[in-house]
1. Show the residue pairs meeting these rules: Cβ distance below 7 Å; 6+ apart or different chains; first residue within the range 383-396 and β-branched (V, I, T); second residue in a loop (DSSP other than H, G, I, E, B) and surrounded by 14 or more Cβ atoms within 10 Å (Cβ to Cβ).
2. Would you confirm whether any residue within the range 341-358 is within 16 Å of the ligand (Cβ to nearest atom), among the aliphatic types (A, V, I, L, M) and crowded, with 20+ Cβ neighbours inside 10 Å?
3. Name the single residue, out of those in the range 373-382 being surrounded by 13 or more Cβ atoms within 10 Å (Cβ to Cβ) and free of Cβ contacts under 8 Å to residues at least 24 places away in the same chain, that is nearest to K358 (Cα to Cα).
4. Which residue out of E201, E177 is surrounded by fewer than 24 Cβ atoms within 10 Å (Cβ to Cβ), touching a residue at least 60 places away in the same chain (Cβ under 8 Å) and under 27 Å from L340 (Cα atoms)?
5. Given (1) within 23 Å of V130 (Cβ to Cβ); (2) away from the ligand (no atom under 15 Å from the Cβ); (3) polar (S, T, N, Q), identify the lone condition not met by N230.
6. Considering every residue within the range 259-267, establish whether at least one is within 16 Å of the ligand (Cβ to nearest atom), at pLDDT 95 or above, surrounded by 16 or more Cβ atoms within 10 Å (Cβ to Cβ) and outside any helix (DSSP H, G or I).
7. Any idea how many residues of the range 341-360 are in a helix (DSSP H, G or I) and within 16 Å of A377 (Cα to Cα)?
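The values are calculated or read from the model by the stated rules, or taken from the named source; none is laboratory data. Here the structure is a predicted model, which is why all the values come from computation and not from measurement. FYI the Cβ positions are ideal-geometry reconstructions off the backbone, even for glycines, and counts take in every protein chain you see.
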Amino acid sequence: ASADIGLIGLAVMGSNLALNIAENGYTIAVHNRTASKIDDFVAMAKQQGLDQKVVPEADLVQFIQAVKRPRSIIIMVKAGKPVDEMIEQLLPHLEAGDAILECGNSLYTDSQRRYEYLKSKNIGFLGIGVSGGEEGARHGPSIMVGGPEQQWKNAQPILEAISAKFNGEPCCAYLGEGGAGHFVKMIHNGIEYGDMQMIAETYGVMRDGLGMNPAAAAKVFKDWNQGPLNSYLIEITGYVLEAIEPRTGKPLVELILDKAGQKGTGTWTAIAAQQLAVPATAIEGAVAARSISSRKEERVAAEAAYGKPSAGKADVSLDDLEQALLAGKIVSYAQGFAVLSKASEEFGWNLPLATIAKIWRAGCIIRSRFLDQMSAAYAKGGATNLLMVPDFVTIMQDAHKSLRKIVAAGAIGEFPLICLSASLAYFDSYRQAQGTANLTQGQRDFFGAHGFILTDREGEQHGKWPSTLGK
Ligand code: 6PG
């Protein structure tokens, strides 16, 4: 055996990861079900001067034997059934201590199940979240690892070498047993949905509330990218908004159909948050916004029924808009991290929150200056919710006022801010010491004798309610 690691699945992400590994000086065995893809890959590796580091194997058994023991074999096939099928094909040929490193966007419960199944066969299963798209896979993604620690240690040098670096630190970490890596990647994607939706809403305020054209909006995002919102997503927003469609000479963004696609990871985040009873309203709002966007025909009919939104001129400044976006982002990250924290407790993962913020600082889609601030804040420890971390309390004390102005402008001006308003509502609920659930508890006791606690007494109480039956 001559290869340091193996990789199966030479589609875009797999090929780029393999080239990244070869470029970092490791010998990699590659395999693909359709053999012609292997030839294509070898040709690509040759073009980039990396073919010496590649061991192509069209035969699965020879491929496995080409990898040094204990083996680390990356599988990069479509999430779901194809992963289970691949595991079954590999299993008879693996030996105790070998590991399968599954790097797709898999549901964490699937990774947990596969981890337990393979553990019973003395094979390690690492469920690994890889973020950064094609470019990241090739030149340095953010890598979130879950599974058995021993097999992580075997693969650690290679995974760290190929990952993105922030100030020289690898954006790659071991996060916990079982499905921990894929859970963290799922939350990354939920946060990604929130960031993208809030940016889209901000663009909506510029377009519908401030009457700005895409070129003017692009300029604002470019400016914002120099400040506290500095991030990959804000940067690419500037490029997307300034792009011109060559056939027509019109702004490309105005010609793109307003229906957003989604592959499911945002929905998974919202479901997991609900199952763990952690409010994640900003992320839920972002998922809902994509679903509403996809119902174009219904929206067209509803606009005809209710009339075109008045699009009244919004009385807000671009500074307010920037601060509102920052406030919405803080709430959304607070929610995402609260889900991580609860999952960690519930599943016994001991998730390192500061490390997670650290490995998201480069390589991944949500990379930003903000995450550097966040990781530093979490490293100090203590706070359970980002909204209670002193540095962020200071920012929010002002920023929530801007968020309020923008959400009010949206309500009056009749343009939707589903995610920003959800963030504001969460913030207002979170910081309200005296809520209204006292009434809810009264109602629950009225119709179901569910009981309530009185603030000046110990123990559960019941009210003496009049009967409404038959009235
Ligand atoms: C990443 C991305 C990547 C992809 C997601 C979201 O971290 O590199 O999150 O995994 O963009 O699958 O895709 P959808 O928007 O299609 O759900």
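1. V389/A383
2. Yes, the range 341-358 has at least one match.
3. The selected residue is S375.
4. Of E201, E177, the one residue that is surrounded by fewer than 24 Cβ atoms within 10 Å (Cβ to Cβ), touching a residue at least 60 places away in the same chain (Cβ under 8 Å) and under 27 Å from L340 (Cα atoms) is E177.
5. (1)
6. yes
7. Going through the range 341-360 one residue at a time, the tally reaches 8.
Here is a yes/no grid of residues against (1) within 16 Å of the ligand (Cβ to nearest atom); (2) within 18 Å of G132 (Cα to Cα); (3) among the hydrophobic types (A, V, I, L, M, F, W, C):
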residue	(1), (2), (3)
S163	yes, yes, no
I191	yes, yes, yes
M196	yes, yes, yes
T202	no, no, no
K219	no, no, no
Q226	no, no, no
V240	yes, yes, yes
